[in-house]
Each structure stands twice: as structure tokens, then as C-alpha cells.
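Taking it in order: structure first as C-alpha cells, then the write-up.
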Amino acid sequence: MINSNFMKICNFSLVTLASIILTSHLHATPVKLDSVVAIVNDDIVLESEFTQRIQIIRDQLTARNQRIPPDNILGPQVLDRLVLDNLMLQLAKKQGIKITDRQLNDAINNIASRNGMTLVQFREALLAEGQDYTAAREQIRREMLIAQVQQSNVSRRIRVSDLEIKNFLKSDAATANQTELLLSIILIGIPEQASAEQIQAAEAKANSIHQTLMGNADFAEMAIAASSAPNALNGGDLGWRKSTELPEKLAAVVTDMKPGDISAPVKAPSGFYITQLRDKRGGKVQLVNQTKVRHILLKPSEIRTPAQTQKLIQRLYTRIQDGESFSVLAKELSDDPASGSEGGDLNWATPGQMVPEFEQVMARTSIDEVSAPFESRFGWHILEVQDRRTQDMGEKLLESQAKATISKRKFTEELGNWIREMRSAAYVEIKQ
């Protein structure tokens, strides 16, 4: 069953009506205009957006049988989320980050599949519930944009040294069972360069919340009401994580927790975390499925427009279908210099190594088959799957996984720091 509330639309156009002419008296009837609830740099958040988002959150909480916080608690949380979303969408525009129709279609297909539907059935289900399919698509596009902006900007702040990888591989974490943990968090944030008084106040608030939780208060409700983490309105849900992917201080706490346990507040650079362990699953991974793949990449440039790039990649695809050498064309024309010099060879790809668009196409392409052109944030690709295998984890793969694990661990903490810095550097005026 689709959670239709997730798909509701939360972005309305500003409608200005000068007057309504009454046929009998020819005088104007005043119409209430949409008002501004926040100014965010050069943009605004409208009251209609704010009201609609609150209703969506209320509907979602009702569907999950969770208590709805009072307006004086829910309102500021929702408005803060709208302000942050607005800032990230502004940044996406500034940095030229876009979600193409092809990427959007793939994402919607995945949503439909997870709900056991075809794309046509998914669209009909939305229409049957009285929803605007085009507007729903654009809301999904915005959510994807925000996720990509976060990934792009936070990842470039993360550095993993060879020494960190070496130390990780020597640690118990590298050989221990990689159990996955279903976690929720509450973050009581502290500002940059916080004073001793601000830190003490945040710690006192975190301790008070912890005491309330230990009195059987609902964790998700407390997260919605008090957390300053980006996932607050989702009840603090962090999803499934390995302990090695968490900030070290959090990992040290959750390792010995049992499902249902709630940790005491843990101090981190961005504030105080309270963690709930909801479930555990899995164990040590023995084997990894790998795909031997090569590709041709074409990027738009100053001398080649996106439309021209798309036409060119389509011509290359036709030439390959007509029997021309994939390797020769990759060497001559690919805009990926590293693989292009090797005839497009990317060697054996491990899950999680490539961008999602690439992995999705690679997964559905048969051995010795050349994919149709597709687009990722790097440009337009054609790929050929040459072979597949299940491989024991070797030293090189362990190093790659160690680097990815350390990066994920740092990402959680760095995301909070980045959002805090972005918010403090922005001009935000709350009008309510």
C-alpha cells in the first residue's frame, strides 16, 4: 500500500487575484493573498507551503499511529525543515546540480517496484487518490536534488588517509561480524564556537530528554519535537547502519546495546546524541558479486551542448550496434581519460563503487550486451557488461570497503556540521 501522504505536494505558486467582479453589483470582493512566513536569502517560504507541509507531517504521524505534537512544537520544526530545503535547492541551482528526466523516471520506477506496481499502476493509484502526478514527480525531483546536494558538498569535505585505512584493517571492526543496526537518533545541537554556557544548556536539555525517554516516552515523538538533526521529522530514523559506519563515539555506545535500548547522551562536535537501537540483523559478509564492465563517457562542454552530447552518444551506440569496436571508440572519443586509454575498461566493479544510475543500468544489462545510452551526473554513458563473478574478499577489496566504511562514519557527523555552517551563513528572516 502506498503511503500517499509522502507523495503530497508541498510547493504552491503565489496566486494574486485583484478582484472578483460580481455580476449584480460590480464591486470587488477582497481575497486573502498568500503570505510570506520566511525570507531565505533571495527566496521566500510561503504560508501555503508551510500549511501544506504541516498537514503532510500530521497525516504521516497519524498513519504511523504516533501522537501529533502541539502546533507550537511542530510548527517551528516544519518551518526549519522548509528553510533548510530552500537553502539546499538554492545551492543546487548555484552549483548546476540537476536531476534529469531519465534519473527521475528511474527513481519513480524503483518506488513503484517497491510497492509491487508497474509505473502505469503507480500513476493510476496516485490519480485515484486525487493527487496530481506531475506535481508528485516534481516533489520527488526536489527530494533527489536535496540528497545529491548533501552528498556532493559533504563528501568533498571528507578525507580518509592511508593510515586510517591501515589502522581500521588492524582493528577488530575489520574482522568482526558486520551486524547491521536499525537506529534512531535525537540530536541536541550546539552552535559553532559554542560558549561553555551554551554547551551546558544543550547537555542539560539532552539529559532531560533522556530522563523523559527512560520514563517510556515515545522516541519518535521526542525526535520530532526536539531533535535538530535533518531526520527529525522522520522520528529520528537513521535506517540500517553498520556500527563501523557511525561516528566513533556513537559506535562505541551502540555495540553493547540490545534492541529497544536507549543510550545516554553522547557528546559530539555538533551536539549531544541520544540513540535508540530498534533492531539488529545480518552477519559477516563472505563473498561479493562483481561485474566486469567498460564504458564510454561523453560530457557536455563549452563547444558541445547537452543536446549535442546526447545525439553524439546515440550515434556511437548505433555504430557499436553496427559492429564497430567498443574499445576503439572508447579510446578515440571517451571523456573519461583513465578508462578511455584502456578501451573503456573499468575492471571489476563492486556494489556501491559506481554512481546509482550506472549501477542500475549495469545490473539489468546481460553479459556481452551493450546498454542503450543513459545519463548520470557525470554525463552520458554507454556500458558493456563483459562478465560477472562472485569473489572472495581480497586485500584490495578490504581496503576499498574500509575506505567506504570510514567515509560513511564521517559523513553522518560532517552532514550536521555542514548544515549548521550553511544555515549560519545564510540570511534567514522568520516572519511569524
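The values are calculated or read from the model by the stated rules, or taken from the named source; none is laboratory data. Bear in mind that the values here come from a model prediction, so they are computed numbers and not experimental data. Note that we place each Cβ from the backbone using ideal geometry, even for glycine, and neighbour counts take in every protein chain shown. Just the protein is used for accessible areas: all its heavy atoms, side chains included, with ligands, DNA and RNA removed. Shrake-Rupley method; radii C 1.70, N 1.55, O 1.52, S 1.80 Å.
When each of the peptides 59-72, 90-103 is scored by the mean number of other C-beta atoms lying within 10 Å of its residues, the order from highest to lowest reads 90-103, 59-72.
Sort 326-336, 223-233 by packing, meaning the average of other beta carbons within 10 Å per residue, with the highest value first.
Values: 326-336: 17.5, 223-233: 21.5.
Peptide ranking by packing, descending: 223-233, 326-336.
Average accessible surface for the chain: 54 Å² per residue, computed with a 1.4 Å probe over protein heavy atoms with every protein chain in place. Bridgeable aspartates and glutamates around LYS166 (alpha carbons under 17 Å apart, same-chain partners fewer than 8 residues away excluded): GLU245, GLU248, GLU395, GLU399. Take the Kirkwood radius over Cα pairs of the range 176-232, plug it into Stokes-Einstein at 37 °C and 0.692 mPa s, and you get 256 µm²/s for translational diffusion.
Mind jotting down a quarter of the surface of the convex hull over the alpha carbons of the range 45-199, in square nanometres, one decimal?
On the way: hull surface 60.4 nm².
Computed as one quarter of the Cα hull surface, the answer is 15.1 nm².
Pairs of Cα atoms under 8 Å, at least six residues apart: use those to get the relative contact order of the chain, whole percent. Before the final figure, lay out each step's value.
Numbers: 621 pairs, mean separation 78.8, N = 432.
After rounding, I find 18 percent.
If you plug the beta carbon distance of ILE303 and THR51 into 1/(1 + (r/R0)^6) with R0 = 51 Å, you get a FRET efficiency near 0.60.
Calculate for the chain the 222 nm mean residue ellipticity that helices alone would give, adding -39,500 (n - 2.57) per DSSP H run of length 4 or more and normalising by residue count, nearest 500 deg cm²/dmol.
Details: 15 runs with 204 residues, N = 432.
Helix contribution divided over all residues of the chain: -15000 deg cm²/dmol.
Considering only ALA251, THR51, SER400, the residue lying farthest towards the positive end of the dipole of the chain is ALA251, judged by Cα position with unit charges set on Cβ. Ranked by the mean number of other Cβ atoms within 10 Å of their residues, highest first, the peptides 254-266, 290-302 fall in the order 290-302, 254-266. Couplings for the range 342-348, taken from phi via the Karplus curve 6.51 cos²θ - 1.76 cosθ + 1.60 with θ = phi - 60°, read 9, x, x, 5, 9, 6, 8 Hz in order; Gly and Pro are left as x. Put simply, the C-alpha atoms of the chain give a gyration tensor, and the ellipsoid matching it has half-axes of 39, 34, 21 Å, longest first.
Across every direction, the projection of the convex hull enclosing the Cα atoms of the range 210-318 has a mean area of 12.7 nm². The stretch between LYS403 and GLU429, if pulled fully straight at 0.36 nm per residue, gains 5.3 nm over its current Cα-Cα span.
Atom-type composition of the exposed protein surface of the range 45-118 places 49 percent of the accessible area on carbon and sulfur (1.4 angstrom probe). Dipole check for the chain: with +1 at the C-beta of Lys and Arg, -1 at the C-beta of Asp and Glu, and the Cα centre as origin, the magnitude is about 240 Debye. Here the average projected area of the convex hull drawn through the C-alpha atoms of the range 38-131 stands at 8.1 nm². Entry for the range 63-111 at q = 0.21, 0.26, 0.29, 0.31 Å⁻¹: log10 I(q)/I(0) = -0.85, -0.91, -0.98, -1.03, Debye formula applied to identical alpha-carbon scatterers, no solvent contribution.
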